[in-house]
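A.B. asks: Right, I'll just put the structure down here and ask away after.
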(Lines give C-alpha, C1' and ligand atoms only; values in the text may rest on other atoms or scores of the structure.)
Protein backbone atom coordinates (compact mmCIF):
# COMPACT_ATOMS: atom_id res chain seq x y z
CA UNK A 1 0.00 0.00 0.00
CA UNK A 2 1.26 3.49 -0.77
CA UNK A 3 1.58 5.66 2.33
CA UNK A 4 0.21 9.19 2.03
CA UNK A 5 1.16 11.29 5.06
CA UNK A 6 2.21 11.26 8.70
CA UNK A 7 -1.41 11.73 9.79
CA UNK A 8 -2.42 8.71 7.73
CA UNK A 9 0.48 6.34 8.36
CA UNK A 10 1.89 7.47 11.71
CA UNK A 11 5.59 6.87 12.12
CA UNK A 12 7.46 4.62 9.69
CA UNK A 13 9.82 2.21 11.46
CA UNK A 14 11.99 -0.67 10.24
CA UNK A 15 12.45 1.45 7.14
CA UNK A 16 14.77 1.38 4.18
CA UNK A 17 15.13 3.11 0.85
CA UNK A 18 14.63 1.35 -2.48
CA UNK A 19 15.50 2.80 -5.87
CA UNK A 20 13.73 2.16 -9.18
CA UNK A 21 16.60 1.10 -11.45
CA UNK A 22 15.03 2.48 -14.62
CA UNK A 23 14.25 6.01 -13.35
CA UNK A 24 16.48 6.35 -10.24
CA UNK A 25 13.36 7.38 -8.24
CA UNK A 26 13.68 6.55 -4.55
CA UNK A 27 10.95 5.38 -2.17
CA UNK A 28 10.83 4.68 1.57
CA UNK A 29 9.64 1.20 2.48
CA UNK A 30 8.80 0.50 6.10
CA UNK A 31 6.35 -0.44 8.81
CA UNK A 32 3.50 2.02 9.39
CA UNK A 33 2.51 2.44 13.05
CA UNK A 34 -0.99 3.54 12.01
CA UNK A 35 -1.82 0.81 9.49
CA UNK A 36 0.15 -1.86 11.33
CA UNK A 37 1.69 -3.20 8.09
CA UNK A 38 4.41 -2.29 5.58
CA UNK A 39 3.95 0.62 3.16
CA UNK A 40 5.89 2.21 0.31
CA UNK A 41 5.90 5.99 -0.08
CA UNK A 42 5.61 8.16 -3.14
CA UNK A 43 8.90 9.26 -4.77
CA UNK A 44 11.10 10.99 -2.18
CA UNK A 45 13.16 14.05 -3.04
CA UNK A 46 15.01 14.41 0.26
CA UNK A 47 15.57 12.65 3.55
CA UNK A 48 17.50 13.19 6.76
CA UNK A 49 18.60 10.57 9.27
CA UNK A 50 20.37 11.16 12.58
CA UNK A 51 22.48 8.12 13.45
CA UNK A 52 22.68 9.04 17.15
CA UNK A 53 18.95 9.43 17.79
CA UNK A 54 17.87 6.97 15.10
CA UNK A 55 15.23 9.47 14.01
CA UNK A 56 14.71 10.98 10.60
CA UNK A 57 12.33 12.41 8.07
CA UNK A 58 11.64 12.07 4.38
CA UNK A 59 9.98 14.47 1.95
CA UNK A 60 8.11 13.41 -1.18
CA UNK A 61 7.91 15.25 -4.48
CA UNK A 62 4.33 16.27 -3.63
CA UNK A 63 5.40 17.78 -0.29
CA UNK A 64 4.36 15.02 2.11
CA UNK A 65 6.64 14.71 5.15
CA UNK A 66 7.22 11.33 6.82
CA UNK A 67 8.70 10.64 10.27
CA UNK A 68 11.24 7.80 10.33
CA UNK A 69 12.38 5.95 13.41
CA UNK A 70 14.77 3.10 14.12
CA UNK A 71 17.85 1.83 12.38
CA UNK A 72 17.54 1.64 8.56
CA UNK A 73 17.13 -1.83 7.06
CA UNK A 74 18.38 -2.97 3.65
CA UNK A 75 15.38 -4.76 2.11
CA UNK A 76 15.77 -7.26 -0.71
CA UNK A 77 12.99 -6.48 -3.21
CA UNK A 78 12.75 -10.15 -4.20
CA UNK A 79 12.01 -11.21 -0.60
CA UNK A 80 9.30 -8.65 0.26
CA UNK A 81 5.79 -9.27 -1.08
CA UNK A 82 4.87 -5.56 -1.17
CA UNK A 83 8.01 -4.68 -3.13
CA UNK A 84 7.38 -7.55 -5.56
CA UNK A 85 3.84 -6.23 -6.11
CA UNK A 86 5.22 -2.71 -6.67
CA UNK A 87 7.66 -4.02 -9.30
CA UNK A 88 4.89 -6.00 -11.02
CA UNK A 89 2.42 -3.11 -11.01
CA UNK A 90 4.97 -0.55 -12.27
CA UNK A 91 6.91 -2.94 -14.54
CA UNK A 92 10.25 -2.00 -12.98
CA UNK A 93 13.14 -3.34 -10.94
CA UNK A 94 14.01 -2.14 -7.44
CA UNK A 95 17.32 -2.19 -5.61
CA UNK A 96 18.05 -1.38 -1.96
CA UNK A 97 19.89 1.88 -1.21
CA UNK A 98 22.56 1.90 1.48
CA UNK A 99 21.91 4.64 4.04
CA UNK A 100 25.17 6.51 4.52
CA UNK A 101 26.20 8.33 7.66
CA UNK A 102 26.46 11.52 5.58
CA UNK A 103 23.58 12.00 3.18
CA UNK A 104 24.79 13.03 -0.30
CA UNK A 105 21.21 12.79 -1.56
CA UNK A 106 20.45 15.97 0.40
CA UNK A 107 23.48 17.78 -1.02
CA UNK A 108 22.49 16.86 -4.58
CA UNK A 109 18.98 18.27 -4.00
CA UNK A 110 20.50 21.39 -2.41
CA UNK A 111 22.86 22.04 -5.34
CA UNK A 112 20.09 21.43 -7.87
CA UNK A 113 17.99 24.04 -6.05
CA UNK A 114 20.91 26.50 -6.11
CA UNK A 115 21.41 25.94 -9.83
CA UNK A 116 17.73 26.55 -10.55
CA UNK A 117 17.83 29.84 -8.58
CA UNK A 118 20.86 31.09 -10.51
CA UNK A 119 19.29 30.48 -13.93
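A.B. asks: Would you mention how many residues in region 59-72 are closer than 23 Å to residue 23 by Cβ and modelled with pLDDT of 90 or more?
C.D. replies: Total satisfying the criteria: 2.
A.B. asks: Could you list, in sequence order, all residues of region 7-33 that are within 25 Å of residue 78 (Cα to Cα), in contact with a strand residue (DSSP E or B) (Cβ under 8 Å, 6 or more places away or on another chain) and outside any strand (DSSP E or B)?
C.D. replies: Of everything in region 7-33, those that are within 25 Å of residue 78 (Cα to Cα), in contact with a strand residue (DSSP E or B) (Cβ under 8 Å, 6 or more places away or on another chain) and outside any strand (DSSP E or B) turn out to be 9, 21, 25, 33.
A.B. asks: Here's another thing I want to ask about it. Any residue that is in a strand (DSSP E or B), in contact with a strand residue (DSSP E or B) (Cβ under 9 Å, 6 or more places away or on another chain) and at pLDDT 90 or above - is there at least one of those in region 78-95?
C.D. replies: Within region 78-95, one or more residues are in a strand (DSSP E or B), in contact with a strand residue (DSSP E or B) (Cβ under 9 Å, 6 or more places away or on another chain) and at pLDDT 90 or above.
A.B. asks: Restricting to region 32-49, give me the number of residues that are over 11 Å from the mean Cα position of the chain (by Cα) and more than 14 Å from residue 16 (Cα to Cα).
C.D. replies: Residues meeting the conditions: 5.
A.B. asks: When you scan region 36-56, how many residues do you find that are under 13 Å from residue 13 (Cβ atoms) and either touching a residue at least 60 places away in the same chain (Cβ under 8 Å) or part of a strand (DSSP E or B) (or both)?
C.D. replies: Of all residues in region 36-56, those under 13 Å from residue 13 (Cβ atoms) come to 36-39, 49, 54-56.
With the extra rule that they be either touching a residue at least 60 places away in the same chain (Cβ under 8 Å) or part of a strand (DSSP E or B) (or both), the set shrinks to 37-39, 49, 55-56.
Result for region 36-56: 6.
The values are calculated or read from the model by the stated rules, or taken from the named source; none is laboratory data. As the structure is a prediction and not an experimental result, all values here were calculated from the model. In this analysis, Cβ positions are derived from the backbone assuming ideal geometry, glycine residues included, and neighbour counts consider all displayed protein chains.
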